[in-house]
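What follows is a single structure, written as C-alpha cells, with notes after it.
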Amino acid sequence: MSNATIISKTAVELSRSLSEKELSSQEVAQAYLEQIDRVDPQVHAFLHRDDDDFLAQANASDKRRAEGNTLGPLDGIPVAIKDVISVQGQPLTAASKILENYISPYDATVIRKLKDAGAVIGGRLNLDEFAMGSSTENSAYGPTRNPWDFDRVPGGSSGGSSAAVASREAPLTLGSDTGGSIRQPASLCGVVGVKPTYGMVSRYGLAAFASSLDQIGPFSQTVEDAALLLETISGHDPLDSTSFPTEVPQYSAALRDPLTPCTLGLPKEFFGEGIDDEVRKAIDETIEFYKSLGHKIVEISLPTTDLAVPVYYVIATAEASSNLARYDGIRYTSRSEQSENAINVYAKSRGEGFGEEVKRRCILGAYGLSSGYYDAYYLKAQKTRTLIREDFSRVFKEVDVILTPTAPTPAFKFGEKSNDPISMYLSDIFTISTNLAGLPALSVPCGFTNSGLPIGMQLIGQAFEESSLLSIAHAYDREHRFGCQSPNI
Amino acid sequence: MSESDPNPMDIDYVSNLARIELTKEEREKFHHQLGDVLQYFEKLKEVDVDGVEPTAHAFPRFNVWDEDQAKEPFSVKQAIQNAPQSRNSQIVVPKVVED
C-alpha cells in the first residue's frame, strides 16, 4: 500500500487495515513521518518530534498484534498531541519561551488512557502561547500555516492540531478548548473537532489556562474517528477534582444506531450581521439536508449571546492570571539572567518569558480581580455567566441540539487581526458561550468557499449528551465527508 | 480615578500585581489596547443581575475527597529536573536576605 493511500485513511479505516493485516503499525508510522518530512517545513504544525520513540511504540503495537494481545481499535494508530498536554519524558513548551526547556515528569490522564489503548503517541503540536489566541500567530516558535492556503491562519489556539490532521500528518490529534480553541481551528482547516462537556475528560496534566472552561478534545477527519478517540480519553479521574463521575457511553457504537427524528434549534442571534455570505450559504444547505432527513428545524433565541465575549474575557483572564502565577522563574521555568533579587526574579523572568498576548491577558486578569474592581468585573461576569447558562437550559427544553456556523468567516490572513485584540476575540463569538455553560459542542466541515477555504458548522448539545450530539453530526458527516478531502500540498 | 474614566487602569500598578515587567513600548501599546478592551467590557454594566447567583463552575462539585493513602511521590531528581538552577538536590534562588 502506498504512503499516499495510508495517510489518506481515517483512523477507523487504518484500524481495519491493521486488524486485517493489510498494514503494520510500523508502515503506518513510517508513512506519517514521511508526510511530516515532506509538508511540515511549510505547514509548521509540529514543535517537536521523537521519531525513534514513535517507531518504537509502533513496533511494540505490531508485536502485541502478532501475539494476539491487541489492546483495542486504537492500538497502533498515531495520535499527535497539542503542546500543552504532558507526556512523560517529552518537552511541553505551551509554545512559550518560559517553558523552553521543560520536560514533563509525568503523563496526563488522557495520555495514560491512550497508552493503555495502544495508541502511538506522536509529536508535539503548535498553538498560541498557553492556548491564548485564535490564529496560532501567538506561538513563540512561529505560526502554523493553514494547509488550504499558506497565506492564511489555521485558527487557534489548537492550530497545530487542526493543521496536522488537514495536511495528513496525523490521523488523530488532541487539542484543548477554552473558548473555541478546538472548534474554530477545526472549522478553518476543514476537519472535525470536539469540545466535550466540562468534566467529561480529565484535565490532569493539561497546562491550565482557565480552569473552569478548559477541556481536552479530539481532532479527526470524520465524526466516527472523533467518537472513537473521545470514548478512549473520557471518564472520571480522581486526579482532577472537577472531573465528573459519570459513565462513558460507547460513542462509536451509538453512531450505528438509527437516528430518531430530532429538533435542531437555530439561534437567531447567531445569524445576524457579520457572517460571511459563503458561510451562510453552506449553513443553509446543511439545514436543508437535516430537513430532508426528517428532522425538525426551529428558530430559537439566546438573548445573552452578545454578553458571552465580554464575560468570557473577564473570567478567562482572571483565571489565567492566577493559573500562570506558577511560571515564576524559580521552580521549572527559564529564569531571567537580569534578575538581581528574590522579588524581581519573578517580574523579569515573566517579562522576558511571556509573549505579548499572555502578558496582556495576565494584566487584564489581575486588574479584574484587583481591589476595587472585583465586583464590577469578575463578580459581575460570574453572575452574567449564570444568565448565559439559564438561556441554554431554557432552550434545551425545546430542542435536542443547536446548529450554528462555527466561525463567522473562513480562515483569515496572517496579520489581519493580530494588532487588534477585540477583532481577534470576536472570531470566537459563536464558540465561547458553550464553554461558559459547560456544554459539549463540535465543528464538522460543511463545504468550501469558491476559493477553496473550508467552512464548518457547529452543533451544541446538552450536558453529558455527547452520544446524541455525535450521532446527529454523524448523520450529516457520513453523507458528505468533507473532512476526508485533502489540500493539494 | 473616576468610574467614568474610559481607561481607569494604572498599568504600572497592575503589571506589578501580575509580576510582569513591561518594556516602555509594551506599556504604551497595552495602555491603548487594554483601554479598548475595558471599553468593550462596559456592556456588562447594563446587565441586570439583581438576585442572580454567580457561576464559578458549570457543574459545581463540592467536597471531593481523596482516599487518605500514601502514594509514591516524585523523586527529588524528578521534582527539580526542570529548575533553572539547582545544587545538591535543591533549587537555587536569588538571595532573599541581606548580608
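Some notes on this structure:
- The local environment of A:VAL43, defined by Cβ-Cβ distances under 9 Å, has a net charge of -1 under the rule Lys, Arg +1 and Asp, Glu -1.
- Percentage relative contact order, chain A, counting C-alpha pairs under 8 Å, at least six apart: 18 percent
- Built amide H within the under 5 Å cut-off of A:GLY456, gap 5+: A:THR406, A:ALA407, A:CYS446
- Among the trypsin sites (Lys or Arg not before Pro) in the range B:1-75, those located in a DSSP loop and surrounded by at most 14 other Cβ atoms within 10 Å of their own Cβ are B:ARG61, B:LYS71.
- Straight-line cross-link partners of A:LYS97 among the aspartates and glutamates, defined as a Cα under 19 Å from its Cα and at least 8 positions apart when in the same chain: A:ASP83, A:ASP128, A:GLU129, A:GLU137, A:ASP328, A:GLU337, A:GLU352, A:GLU356, A:GLU357, B:GLU21, B:GLU26.
- Helix-only CD estimate at 222 nm, as mean residue ellipticity for chain B, using -39500 (n - 2.57) per DSSP H run (n ≥ 4): -9000 deg cm²/dmol
- Centre separation in Å (Cα based) which lies between the range A:5-25 and the range A:446-489: 22 Å
- Net +/- balance of residues flanking A:LYS413 in space, Cβ distance below 15 Å, scoring K and R +1, D and E -1: -3
- Among A:ALA342, A:ILE388, A:ALA376 the positive-end extreme of the charge dipole of the range A:282-410 (Cβ point charges): A:ALA342
- Inter-chain shielding of B:32-43 (mean C-beta neighbours from other protein chains, 10 Å cut-off): 5
- Site-free segments of chain B were taken between GluC sites (Glu not before Pro) in DSSP loops having at most 13 other Cβ atoms within 10 Å, sites themselves excluded; the longest one is B:4-66.
- Low-density loop positions, chymotrypsin sites (Phe, Trp or Tyr not before Pro), the range A:131-171 - DSSP coil, at most 14 other Cβ in 10 Å: A:PHE150
- Alpha-carbon centroids, the range B:68-91 and the range A:319-385: separation in whole Å: 25 Å
- Per DSSP, loop trypsin sites (Lys or Arg not before Pro) in the range A:220-320 with at most 10 further Cβ within 10 Å: A:ARG256
- With 28 Å as the limit on Cα-Cα distance, the pairs of A:LYS268/A:LYS380; A:LYS113/A:LYS397; A:LYS296/A:LYS383; A:LYS291/A:LYS397 that go past it are A:LYS113/A:LYS397; A:LYS296/A:LYS383.
- Value of [θ]222 nm, deg cm²/dmol, for chain A, DSSP H segments ≥ 4, -39500 (n - 2.57) each, nearest 500: -11500 deg cm²/dmol
- Rounded if a/c under 1.5, otherwise prolate or oblate - the range A:255-343, Cα gyration tensor axes: prolate
- The range A:203-362 shape via C-alpha gyration tensor axes, a/c threshold 1.5: prolate
- Binned Cα-Cα distance frequencies in the protein assembly as shown - 20 Å width, integer %: 21, 56, 21, 1, 0
- ³J(HN,Hα) computed for each position of the range A:338-343 - Karplus, 6.51 cos²θ - 1.76 cosθ + 1.60, integer Hz, glycine/proline x: 7, 5, 10, 8, 5, 8
- Counting only other chain Cβ atoms within 10 Å of each residue's Cβ, the peptide A:240-246 averages 3.
- Note on exposure: A:VAL311, A:VAL12, B:VAL93 ranked by accessible area (1.4 Å probe, complete protein assembly) read B:VAL93, A:VAL12, A:VAL311, with the most exposed listed first.
The values are calculated or read from the model by the stated rules, or taken from the named source; none is laboratory data. Keep in mind that what you see is a predicted model, and the values were worked out from it rather than measured. No Cβ is skipped: glycine too gets one built from the backbone with ideal geometry, and neighbour counts run over all protein chains shown. For accessibility, only protein heavy atoms count, side chains too; no ligands or nucleic acids. Shrake-Rupley method; radii C 1.70, N 1.55, O 1.52, S 1.80 Å.
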